[in-house]
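Enquirer: Here it is, the structure, as structure tokens.
The values are calculated or read from the model by the stated rules, or taken from the named source; none is laboratory data. Keep in mind that this is a model prediction, so the values were computed, not measured. Using ideal geometry, Cβ is built from the backbone for each residue, glycine included, and neighbour counts are taken over all protein chains shown.
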Amino acid sequence: MARIQTPQRIRGTQDIFGEEQRRFAHVLETFERVRKLYCFQRVDIPVFEATEVFARSIGETTDVVSKEMYTFPDRGGDSLTLRPEFTAGLCRAYLTEGWQQHAPLKLATSGPVFRYERPQKGRFRQFHQIDAEVIGAAEPAADVELLALADQLLKELGIDDGVTLQLNTLGDSETREAWRQALVAHFEAHRSELSEDSQTRLEKNPLRILDSKDPRDRPIADAAPDIDAHLTSEAGAYFEAVTKGLDAAGVAWTRNSRLVRGLDYYRHTAFEFVTDRLGAQGTVLGGGRYDGLMESLGGPHTPAVGWAAGVERLAMLIEEPAVRGVDAVIIPLGEAAESTAQGVLADLRRSGITADMAFKGNMKKRLAKADALGARFAVILGDDEIAKSVAAVKNLGAGTQVEVALAALVGALK
């Protein structure tokens, strides 16, 4: 009979286990703790949306929409897409669920996102993000709040060393349009020297030429005009308020006048926390202000700012978290003891004591399992102990052993 072939893991996905899972969980636990300090509400949204949610918000001409989205028709004939990021879905929820009444809203979420791209170190087709947004606040203080949250998160993860916050302003709509025209004029003068991709971008999205990685584009992009010459006084004042707020909050930053966001709904603050510890792909957390996005989804003008970070990439940078040891391992000897041990085990766990059972092998093997789990105590139950309603409690660190009444076991172990 032919052997049935075992299905393989889909390329670009991962089975997260062991040390890798401990790192992953530590990132999420730290994010949950810090977002509570900043009074960001946890929210969870669907993994898939109507395709137009992402096409209209991320932009039809972007690589994410044109090349990377997992899009499929459902049985009713509707076009659905697995979320490639969180912001669009959060904005859709804000508009459709009546959350405007709660504005300004500070929201945080996390979970899997999906992009069909070439898998490489730290990049997967199903990966995971943490995300924080302030929706309905036009003030620079909202930008500062988000950046302080991100800065504290990286510090508490222990990866702030060698990570730099790069900051730029994209100005208001008047600033952006004037700068866009100056960039188009500059790039048009060098059109024949640009890469094919950048020649296409010149027609659709000229700001994206500034962050082109193609060596043919770099000298032209580096010589392009800065936004500062086109900043309105209002936009300049906004950026100054953000930088002063960061200074007051003790958040270190550096100006990167080449940091851009290609889509038209981005305004004012754009930022990235970057490191050289991940090779060429140096951004560990990034975001910006997107005051025009709600309108692209058919909603009223709603100022908003947010950021996202890849959990896998953060997990690659942190130290391996210490494995929390088990408080006690129950070792039952004999059938009668096994039945009693189940009750003892349940009582310990209900009392907040981390406990496991070693029910296979001889005493030496069972004690070895307790050691491997990092247990502080082995609780031994045999016929003699059960007859006296006691347990033999062995302190595995000190090597000492005492008898403890079963009724007093919880207190003794605590």
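Enquirer: Can Val402 be described as assigned to a strand (DSSP E or B), loosely packed, with under 12 Cβ neighbours inside 10 Å and over 41 Å from the mean Cα position of the chain (by Cα)?
Expert: So Val402 passes the test.
Enquirer: Looking only at the stretch 357-381, which residues are out of contact with any helix residue (DSSP H, G or I) (no Cβ under 6 Å at 6 or more places or on another chain) and among the small types (Gly, Ala, Ser)?
Expert: Gly361, Ala368, Ala370, Ala372, Gly374, Ala375
Enquirer: Which condition from (1) in the same structural domain as Glu145 (by TED's automatic domain parsing); (2) not in a helix (DSSP H, G or I); (3) not aromatic (Phe, Trp, Tyr) is the one that Thr243 breaks?
Expert: So Thr243 meets the others, but not (2).
Enquirer: Looking only at residues that are over 28 Å from Cys39 (Cβ atoms) and not acidic (Asp, Glu) in the stretch 153-179, which one is surrounded by the fewest Cβ atoms within 10 Å (Cβ to Cβ)?
Expert: Gly162
Enquirer: State all residues of the stretch 328-361 that are at pLDDT below 90 and under 23 Å from Gly397 (Cα atoms); if no residue qualifies, say none.
Expert: Within the stretch 328-361, Phe359, Lys360, Gly361 meet the criteria.
Enquirer: A further question on this structure: Anything in the stretch 95-122 that is within 23 Å of the chain's Cα centre (by Cα), among the small types (Gly, Ala, Ser) and surrounded by fewer than 21 Cβ atoms within 10 Å (Cβ to Cβ)? List them, or say none.
Expert: Across the stretch 95-122, the qualifying residues are Gly111, Gly122.
Enquirer: Take the residues in the stretch 180-198 that are touching a helix residue (DSSP H, G or I) at 6+ places or on another chain (Cβ under 8 Å) and assigned to a loop (DSSP other than H, G, I, E, B), then tell me which one is surrounded by the fewest Cβ atoms within 10 Å (Cβ to Cβ).
Expert: The extreme case among them is His190.
Enquirer: Assuming Gly298 fulfils every condition listed in (1) among the small types (Gly, Ala, Ser); (2) at positive phi; (3) crowded, with 17+ Cβ neighbours inside 10 Å apart from one, which condition is it?
Expert: Condition not satisfied by Gly298: (3).
Enquirer: Inside the stretch 16-124, counting only strands (runs of 3 or more DSSP E) that do not spill past its ends, which hold 3 or more residues that are assigned by TED's automatic domain parsing to the domain that holds Glu156 and in contact with a Lys or Arg (Cβ under 9 Å, 6 or more places away or on another chain)?
Expert: Result: 48-50, 105-114.
Enquirer: Out of everything in the stretch 199-238 that is within 18 Å of Ala178 (Cβ to Cβ) and part of a loop (DSSP other than H, G, I, E, B), what residue ends up being modelled with the lowest pLDDT?
Expert: Asn205
Enquirer: To continue, here is another question. Filter the stretch 308-346 down to residues that are buried (at least 22 other Cβ atoms within 10 Å of the Cβ) and outside any helix (DSSP H, G or I) and give me whichever is farthest from the chain's Cα centre (by Cα).
Expert: Per the stated criteria, the residue is Pro332.
Enquirer: Restricting to the stretch 126-142, what's the tally of residues that are closer than 18 Å to Val284 by Cβ and of a type in the set (Val, Ile, Thr)?
Expert: 1
Enquirer: Here is a further query. Looking at the stretch 267-281, which of its residues are among the small types (Gly, Ala, Ser) and either surrounded by 16 or more Cβ atoms within 10 Å (Cβ to Cβ) or touching a helix residue (DSSP H, G or I) at 6+ places or on another chain (Cβ under 7 Å) (or both)?
Expert: Ala270 - this is the single residue of the stretch 267-281 that is among the small types (Gly, Ala, Ser) and either surrounded by 16 or more Cβ atoms within 10 Å (Cβ to Cβ) or touching a helix residue (DSSP H, G or I) at 6+ places or on another chain (Cβ under 7 Å) (or both).
Enquirer: Name the single residue, out of those in the stretch 134-162 being touching a helix residue (DSSP H, G or I) at 6+ places or on another chain (Cβ under 6 Å) and outside any helix (DSSP H, G or I), that is farthest from Glu20 (Cα to Cα).
Expert: So the residue we want is Ile135.
Enquirer: Give Arg23, Arg11, Arg92 a once-over and let me know the one that is surrounded by 12 or more Cβ atoms within 10 Å (Cβ to Cβ), charged (D, E, K, R), over 23 Å from Pro300 (Cα atoms) and touching a residue at least 24 places away in the same chain (Cβ under 8 Å).
Expert: Arg23
Enquirer: From Val284, Val260, Val251, grab the single residue that is among the aliphatic types (A, V, I, L, M), farther than 20 Å from Glu139 by Cα, in contact with a helix residue (DSSP H, G or I) (Cβ under 8 Å, 6 or more places away or on another chain) and in a loop (DSSP other than H, G, I, E, B).
Expert: None of the others qualify; the one that does is Val260.
Enquirer: For the stretch 43-59, how many residues are more than 13 Å from Phe86 (Cα to Cα) and within 19 Å of the chain's Cα centre (by Cα)?
Expert: Qualifying residue count, the stretch 43-59: 0.
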